[in-house]
Amino acid sequence: MRANGHEHVIEVTDLRRVYGGGFEAVRGIDFSVRRGEVFALLGTNGAGKTSTVELLEGLAAPAGGRVRVLGHDPYTERAAVRPRTGVMLQEGGFPSELTVAETARMWAGCVSGARPPAEVLDLVGLETKAGVRVKQLSGGQRRRLDLALALLGDPEVLFLDEPTTGLDAEGRRATWELVSALRDGGTTVLLTTHYLEEAENLADRLAIMHEGRIAATGTPDEVTAAQPSRISFELPEGYLPGDLPPLGELGVSGHETNGRLVRLRTRELQRAATGLLVWAERAGVELRRLDVRSASLEEAFLGIAKEASTRTAGATTTKEYAA
């Protein structure tokens, strides 16, 4: 039965996780996930993504803060949450001698209101592998089996930790289509991924984590819009960078050259591109290798990580100086 009432099915407030030795993997983060949306957690290795997801799944108690899934504490009220969620871990542990169908039937026996195993195997494209032993599956096929088992209980909330690792391009696209279909059917999906294209294609909203904190959050467009766009072109013969119109007046915030190739950074892409093209038209020159584009999620991700690292290094230096 689907839940009712709460707009946000996942609510995280000042969430913290500390491991033995005092290492703080999650350092006071806040975010929420609405019903029927795909929310992606991004970050470099060690950013705290998996540590966060494990707290949401109820696999450990937080060191501080508050987490609610479907209105319940997933750790202390696990019995109320677990039957309504599906979990796909980074690595699944299956008995290697069982077949795919036997594994699905065994798992279905542990799930309340399980869907027919053959149905979920068909969803993930493993229907022709039903009689194959798990040990004979490829890495990508095992990931598909992980996903099938997470879907057996027809979950309201689905946690996917690196769901397409090991899949080929066709398998990744098929998984994207399945996740989108689940979202359209009302399932709330929280996923972690290293594939930024995956987040760009799937996520309604996302958060970028860095060293246990959230460095940026919003829709993919909102996150990328916070980063400068770029224009690159080749200087016409006989011209130097100083011959260009005043870049500041075009809204250009920075530039660099590599031989005759010029790269401009701007947060006012239309203004900068228009001014540059008007100048070229009046000068009667052609801007070869012209490339005008908004920031990609990859560029935003790298820029945010760099900015966060700079702030962290600066804060550390200040503390050491004060000491």
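Of Gly21, Gly71, Gly275, the residue with the greatest mean-square motion in the GNM of the chain, using alpha carbon springs below 10 Å, is Gly21. Distance from the alpha carbon centroid of the stretch 86-138 to that of the stretch 236-291 works out to 57 angstrom. Dipole of the stretch 226-302 computed with +1 at Lys/Arg Cβ and -1 at Asp/Glu Cβ about the Cα centre; of Leu240, Trp279, His255, farthest Cα towards the positive end is His255. Near Gly218, the amide H atoms lying under 5 Å from its own belong to Leu206; only residues 5 or more places off or on other chains count, and H is placed 1.01 Å from N. Rolling a 1.4 Å probe over the heavy atoms of the protein chains gives the chain an accessible area of 51 Å² per residue. Placing +1 on the Cβ of every Lys and Arg and -1 on the Cβ of every Asp and Glu, with nothing else charged, gives the chain a dipole about its Cα centre of roughly 460 debye.
Tell me, what is the percent relative contact order of the chain, built from C-alpha pairs under 8 Å that lie six or more residues apart?
18
Rounded to the nearest whole Hz, the Karplus-based 3J(HN,Hα) values (6.51 cos²θ - 1.76 cosθ + 1.60, θ = phi - 60°) of the stretch 192-206 follow the sequence 10, 7, 9, 8, 5, 4, 5, 5, 5, 7, 9, 6, 6, 9, 8, with x at glycine and proline.
The stretch between Ser112 and Thr76 holds 11.0 nm of extra length on full extension. This uses 0.36 nm per residue minus the Cα-Cα distance. Each residue of the stretch 274-279 is assigned a 3J(HN,Hα), and the resulting list reads 4, x, 5, 5, 5, 4 Hz, derived from the Karplus form 6.51 cos²θ - 1.76 cosθ + 1.60 (θ = phi - 60°), x at Gly and Pro. Once the convex hull of all Cα atoms in the stretch 188-292 is built, its volume per residue stands at 138 Å³. Protein heavy-atom surface of the stretch 1-151, 1.4 angstrom probe: 48% of the accessible area is carbon and sulfur, with nucleic acids and ligands not counted. Label reach from Ser294 (point 7 Å along Cα→C-beta): in the stretch 190-207, amide nitrogens under 18 Å belong to 196-207. Across His255, His210, His72, mean-square fluctuation computed from a Gaussian network of the chain (C-alpha pairs under 10 Å connected) peaks at His255.
Reachable aspartates and glutamates from Lys129, Cα under 16 Å, same-chain residues fewer than 8 places away excluded? Hits, sequence-local ones excluded: Glu97, Glu102, Glu119, Asp146. Most fluctuating residue of Ser229, Ser294, Ser138 in a GNM of the chain with Cα springs under 10 Å: which is it? Between Ser229, Ser294, Ser138, it is Ser138 that shows the largest mean-square fluctuation. Dividing the summed -39500 (n - 2.57) terms of all DSSP H runs of n ≥ 4 by the residue count of the chain sets its mean residue ellipticity at 222 nm at -10500 deg cm²/dmol.
The values are calculated or read from the model by the stated rules, or taken from the named source; none is laboratory data. Everything numeric here is computed off the predicted structure, so don't read it as measured data. Because the Cβ atoms are built from the backbone with ideal geometry, glycine has one as well, and the counts that use them run over all protein chains shown. The accessibility values were calculated without ligands, DNA or RNA, using every heavy atom of the protein model including side chains. Shrake-Rupley method; radii C 1.70, N 1.55, O 1.52, S 1.80 Å.
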